[in-house]
Amino acid sequence: MNILRLSWKNIISKPLPSLLSMLLLAVGLSTAIILKLTEHQLTENINNTGKDVKLVIGAKGSRLQLVLSSVFQIDNPTGNINYGFYTLLKRNRMIKEMIPVSMGDSYKRKRIVGTNHDYIRLFSGKLKEGVLFEKPLEATIGSVVAFELDLKVGDEFVGGHGMEEVLHSHDEYKYKVVGVLERSGSVLDNLILTPVQTVWIMHAGHGHDSEYALGGVKEEVHDNPAFEKVLEDSFLQKAEEHNHQHHDHDHHEHAEVNLEELLANIDPKDREITAILFPNLSGNAKIGVLNNANNQPNMMAVDPAPEIALLKNKITPFVSIIIAISWFITVIAMFSVFIGLLNSLRGRKYEIALMRVLGASKAKVLVSILFEGVILSVLGYLFCLVLSHAGMELIGGWMQNEYQYEFSGWIFLNSELTYLLVAIAIGLVSALIPAYKAYNTDISETLSK
Amino acid sequence: MVKINGLTYNYSSEIQLKFPDFSLSKGEQALILGQSGCGKTTLLHLLSGLLKPNSGDVDVENENISKMSGATLDKFRGTNIGIVFQTPHFIEALTVKENLTLTQTLAGKSKDVNKVKRLLADLGVESKLNAKLNALSVGEKQRISIARALVNSPALILADEPTSALDDKNCDVVLKLVREQAKKHNSTLLIVTHDNRLKDQFDKRIEL
């Protein structure tokens, strides 16, 4: 029977007060740890997702909203811009890479994004099975989408208009899954990817007035003469067939409709995308594009980096509040350990004297009480690890739907180890006064009572 | 083996206690008699080094314990002196066995469960080996506390009113056990009491 074991026995002989102290400590510490884990994973995700996008062009509106919607796939889009602007910029040889993204539709709460293959490359996505989308209506889906919606290569599904709740289904056309991506831990996991043309086809029937951009911003006038020209050219070319097509469309005779023909007949003014992402854009090219886009009446170009920094700043006060709460709980836990030990020692005064009679030195008695505090706090810490990682896994499930990212309870941070030191320090500090009292017990007086 | 010489202890300037000199040889059994408040327990605490005398010496096993202090004294007490208290107290979180093995390890000896079992058998409480203390009667507790006083085979056993809480029958049994066991372990036994039932059973009596 050594001192450590004696301390342990004393703790378990009073299970309820010990459990309370341990629980309070665990809750306090795990609040702090969950916050740390969330912050870490969120920051990592934000950095990973945002780092390669140097510029975003989209419809005028909130700059942060544009970044959130088109880069992070969180918020609703600010509106749509014409695909013509994209083709115009394509002629600029200074721009090496451009990725169009077109949002607004979803399937069972998973976003459908019209884009090109560069989008998958941007997030280092790799194919797990099947192929990448090539033709309209073909879809390459993220791993989480495949898993949660039980979709595999060859499956078909009907998308709907709207991102959160489907306002109406596009049941004229079915998407066909041609490929599934490997899990990448990026936005790709939760997205259904398809060529931008798919989106036009889906919305062809709803005409130019379609508000599939939930922001509802429509473009009307284009001041840029070059841009106007592009639009005009394609418009005149297709005008005739377009009218004819529109007629057909109203009758919903899609079975015979050739997709390519349909596509060719879509009014260029109806060819819209939500945003254009620019990876690897810097220097003069960046400034050029920025100015060009900002000169358009209904467009804006946004550098994501300062917006992300702004977003982080907005989160900071909330993080501080939660940190304060977690420390508050931890301090209460410390008092609980302190009062628990003091209470337990009051009843054990005679036992302390007895230990001294049996040959224990003052130091041994002191250490045995300190051990009790430390054992309680280490147990609290171990329990807090279980609590925080299970909690993280739970919260992660909820946050995945909100933020399109996977939050895991299985990520461990080195800083969690420092919380062990914090816990031990709390145990020692709260046991200090009780231990000192035990150290100074007057044996003779106690035994005479 | 035990020798006290010119021993005084002052609680305050008014209450000053002076103890008669006496000595006991190894294995001797003696009674210290006196009324309540005459300093019996004080003497016992002085003998076990729990109190420091204002003057005089206490020799146990040829060591002057009034000159010892700190951990040395604690260790010496744990190894050489076994104490039976008037009301038996234990570490409530532990079982009978754990209380006794703790007594061994606190005195710096190694754990010896067989010895614990033998002692409990000698005292007729071997069935209580793994019992919790709060499940025992007063008589059983007093026997266990005798076992605890003996478990390190100390040179000196001090008993503070070991029988005053017991009825006549139990008084006889406990006294007999203490004396037998002290003899068996060749320990010097000193009983401090005001219990007149014990008076006639000892040859050596010291009156305070």
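Could you please tell me which pairs satisfy a Cβ distance under 6 Å, a separation of 6+ or placement on different chains, a first residue in region A:305-326 that is farther than 30 Å from A:Phe278 by Cβ, and a second residue that is in a helix (DSSP H, G or I) and at pLDDT 85 or above?
Listed by first residue and then by second, the contacts come to A:Ile322/A:Leu35; A:Ser326/A:Gly28; A:Ser326/A:Thr31; A:Ser326/A:Ala32.
Going residue by residue through region A:156-167, is there one that turns out to be within 22 Å of A:Pro304 (Cβ to Cβ) and in contact (Cβ under 8 Å) with a residue 40 or more places away in the chain?
Checked against the condition, which is being within 22 Å of A:Pro304 (Cβ to Cβ) and in contact (Cβ under 8 Å) with a residue 40 or more places away in the chain, region A:156-167 yields at least one hit.
With (1) more than 17 Å from A:Met355 (Cβ to Cβ); (2) within 13 Å of chain A (Cβ to nearest Cβ); (3) over 19 Å from the mean Cα position of the chain (by Cα) as the list, and B:Leu129 as the residue in question, which single condition is left unmet?
Among (1) more than 17 Å from A:Met355 (Cβ to Cβ); (2) within 13 Å of chain A (Cβ to nearest Cβ); (3) over 19 Å from the mean Cα position of the chain (by Cα), B:Leu129 violates only (2).
Out of all the residues in region B:145-164, which are buried (at least 24 other Cβ atoms within 10 Å of the Cβ) and more than 10 Å from the chain's Cα centre (by Cα)?
B:Ala147, B:Val151, B:Asn152
Scan region A:295-310 and give yes if some residue there is in the same structural domain as A:Lys96 (by TED's automatic domain parsing), polar (S, T, N, Q) and part of a helix (DSSP H, G or I), otherwise no.
Yes, that holds for at least one residue.
Being at the interface with another protein chain (Cβ under 9 Å from one of its Cβ atoms) and modelled with pLDDT of 90 or more is the filter here; which residues of region A:14-28 pass it? Break it down stepwise before answering.
Of region A:14-28, the ones at the interface with another protein chain (Cβ under 9 Å from one of its Cβ atoms) are A:14.
The answer is none; no residue qualifies.
When both residues are 6+ apart or on different chains and their Cβ atoms are under 7 Å apart, which pairs have a first residue that lies in region B:145-168 and is without any contact (Cβ under 8 Å) to a residue 40 or more places away in the chain and within 11 Å of B:Leu123 (Cβ to Cβ), and a second that is surrounded by 24 or more Cβ atoms within 10 Å (Cβ to Cβ) and of a type in the set (Lys, Arg)?
Pairs found: none.
Given region A:85-146, what strands (runs of 3 or more DSSP E) lie entirely inside it while holding 2 or more residues that are touching a residue at least 60 places away in the same chain (Cβ under 8 Å)? Reasoning before the result, please.
Details: elements: A:99-107, A:110-115, A:127-130, A:138-141.
Filter on region A:85-146 gives A:99-107, A:110-115.
Among A:Gly380, A:Gly397, which is under 30 Å from A:Arg183 (Cβ atoms), part of a helix (DSSP H, G or I) and either within 27 Å of the chain's Cα centre (by Cα) or in the same structural domain as A:Ser326 (by TED's automatic domain parsing) (or both)? Write out each step before concluding.
On the way: A:Gly380 fails: under 30 Å from A:Arg183 (Cβ atoms).
Among A:Gly380, A:Gly397, only A:Gly397 is under 30 Å from A:Arg183 (Cβ atoms), part of a helix (DSSP H, G or I) and either within 27 Å of the chain's Cα centre (by Cα) or in the same structural domain as A:Ser326 (by TED's automatic domain parsing) (or both).
With the checklist (1) within 22 Å of the chain's Cα centre (by Cα); (2) surrounded by fewer than 19 Cβ atoms within 10 Å (Cβ to Cβ); (3) at pLDDT below 90 in hand, flag the one item A:Ile46 doesn't pass.
Condition not satisfied by A:Ile46: (2).
If only one of B:Ser66, B:Ser25, B:Ser48 is out of contact with any helix residue (DSSP H, G or I) (no Cβ under 9 Å at 6 or more places or on another chain) and among the polar types (S, T, N, Q), which one is it?
Values: B:Ser66 fails: out of contact with any helix residue (DSSP H, G or I) (no Cβ under 9 Å at 6 or more places or on another chain); B:Ser48 fails: out of contact with any helix residue (DSSP H, G or I) (no Cβ under 9 Å at 6 or more places or on another chain).
Criteria check complete, one pass: B:Ser25.
Which one of these is more than 28 Å from B:Leu133 (Cα to Cα) and buried (at least 23 other Cβ atoms within 10 Å of the Cβ): B:Leu102, B:Leu51, B:Leu46? Spell out the reasoning first.
On the way: B:Leu102 fails: more than 28 Å from B:Leu133 (Cα to Cα); B:Leu51 fails: buried (at least 23 other Cβ atoms within 10 Å of the Cβ).
After ruling out the rest, the residue left standing is B:Leu46.
Right, A:Ser124: under 20 Å from the mean Cα position of the chain (by Cα) and among the polar types (S, T, N, Q) or not?
So A:Ser124 fits the description; yes.
For region B:67-84, which positions are surrounded by 23 or more Cβ atoms within 10 Å (Cβ to Cβ) and either touching a His at 6+ places or on another chain (Cβ under 9 Å) or not basic (Lys, Arg) (or both)? Before the answer, list the steps.
First, pick out the residues of region B:67-84 that are surrounded by 23 or more Cβ atoms within 10 Å (Cβ to Cβ): B:74, B:77-78, B:81-84.
B:Asp74, B:Gly78, B:Ile81, B:Gly82, B:Ile83, B:Val84, listed by residue number.
Here are the criteria: (1) more than 26 Å from A:Ile266 (Cα to Cα); (2) at pLDDT below 90; (3) within 21 Å of the chain's Cα centre (by Cα). Tell me which single one A:Met94 does not satisfy.
Result: A:Met94 fails condition (3) only.
Of the residues B:Leu150, B:Leu94, which single one is within 16 Å of A:Asn10 (Cα to Cα) and within 14 Å of another protein chain (Cβ to nearest Cβ)?
B:Leu94
Looking at (1) of a type outside the set (A, V, I, L, M, F, W, C); (2) under 21 Å from B:Lys183 (Cβ atoms); (3) surrounded by fewer than 18 Cβ atoms within 10 Å (Cβ to Cβ), can you tell me which one B:Lys115 breaks?
Tallying (1) of a type outside the set (A, V, I, L, M, F, W, C); (2) under 21 Å from B:Lys183 (Cβ atoms); (3) surrounded by fewer than 18 Cβ atoms within 10 Å (Cβ to Cβ), B:Lys115 fails exactly one: (3).
I'd like to verify a number: residues in region A:65-81 that are surrounded by 23 or more Cβ atoms within 10 Å (Cβ to Cβ) and either on the phi < 0 side of the Ramachandran plot or touching a Ser or Thr at 6+ places or on another chain (Cβ under 6 Å) (or both), how many?
So the first thing to find is which residues in region A:65-81 are surrounded by 23 or more Cβ atoms within 10 Å (Cβ to Cβ), and the list is A:66-67, A:69-71, A:77-81.
Keeping just the survivors that are either on the phi < 0 side of the Ramachandran plot or touching a Ser or Thr at 6+ places or on another chain (Cβ under 6 Å) (or both) gives A:66-67, A:69-71, A:77-78, A:80-81.
Looking only at that region, the number is 9.
Among A:Val365, A:Val337, which is at pLDDT 90 or above and assigned to a helix (DSSP H, G or I)? I'd like the intermediate steps shown before the answer.
Numbers: A:Val337 fails: at pLDDT 90 or above.
Criteria check complete, one pass: A:Val365.
Tell me which residues, restricted to region A:354-385, are more than 13 Å from chain B (Cβ to nearest Cβ) and polar (S, T, N, Q).
The answer is A:Ser377, and nothing else.
This table checks each residue for (1) under 13 Å from the mean Cα position of the chain (by Cα); (2) in a loop (DSSP other than H, G, I, E, B); (3) over 25 Å from B:Asn196 (Cβ atoms).
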{"site": "B:Gly6", "(1), (2), (3)": "no, no, yes"}
{"site": "B:Leu17", "(1), (2), (3)": "no, no, no"}
{"site": "B:Ile32", "(1), (2), (3)": "yes, no, no"}
{"site": "B:Thr41", "(1), (2), (3)": "yes, no, no"}
{"site": "B:Leu44", "(1), (2), (3)": "yes, no, no"}
{"site": "B:Lys52", "(1), (2), (3)": "no, yes, yes"}
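I'm told B:Phe22 meets every condition in (1) within 14 Å of chain A (Cβ to nearest Cβ); (2) surrounded by fewer than 20 Cβ atoms within 10 Å (Cβ to Cβ) except one. Can you identify the failing condition by its number?
(1)
Return the total of residues in region B:54-76 being within 12 Å of chain A (Cβ to nearest Cβ) and either assigned to a helix (DSSP H, G or I) or touching a residue at least 24 places away in the same chain (Cβ under 8 Å) (or both).
The qualifying residues number 7.
Out of the helices (runs of 4 or more DSSP H) lying entirely within region A:1-78, which hold 3 or more residues that are touching a residue at least 60 places away in the same chain (Cβ under 8 Å) and farther than 30 Å from A:Val101 by Cα? Don't jump to the end; show me each part of the working.
Working: elements: A:3-12, A:15-50, A:63-70.
In region A:1-78, A:3-12, A:15-50 are the helices (runs of 4 or more DSSP H) which contain 3 or more residues that are touching a residue at least 60 places away in the same chain (Cβ under 8 Å) and farther than 30 Å from A:Val101 by Cα.
Kindly provide the set of residues from region A:314-332 that are polar (S, T, N, Q), loosely packed, with under 13 Cβ neighbours inside 10 Å and either over 19 Å from the mean Cα position of the chain (by Cα) or modelled with pLDDT of 90 or more (or both), ordered by number. If you could, list the steps in order and put the result at the bottom.
Within region A:314-332, the first condition is being polar (S, T, N, Q), and the residues that meet it are A:316, A:320, A:326, A:330.
Keeping just the survivors that are loosely packed, with under 13 Cβ neighbours inside 10 Å gives A:316, A:320.
The answer is A:Ser320, and nothing else.
Given the criteria within 17 Å of the chain's Cα centre (by Cα), under 23 Å from B:Thr41 (Cβ atoms), at the interface with chain A (Cβ under 7 Å from one of its Cβ atoms) and among the hydroxyl-bearing types (Ser, Thr, Tyr), does B:Thr79 qualify?
Numbers: within 17 Å of the chain's Cα centre (by Cα): yes; under 23 Å from B:Thr41 (Cβ atoms): yes; at the interface with chain A (Cβ under 7 Å from one of its Cβ atoms): yes; among the hydroxyl-bearing types (Ser, Thr, Tyr): yes.
Yes; evaluated as a whole, the condition is true for this residue.
The values are calculated or read from the model by the stated rules, or taken from the named source; none is laboratory data. Please read all numbers here as calculations on a predicted model, not as lab measurements. With ideal geometry, Cβ positions are generated from the backbone for all residues, glycine too; neighbour counts draw on all protein chains shown.
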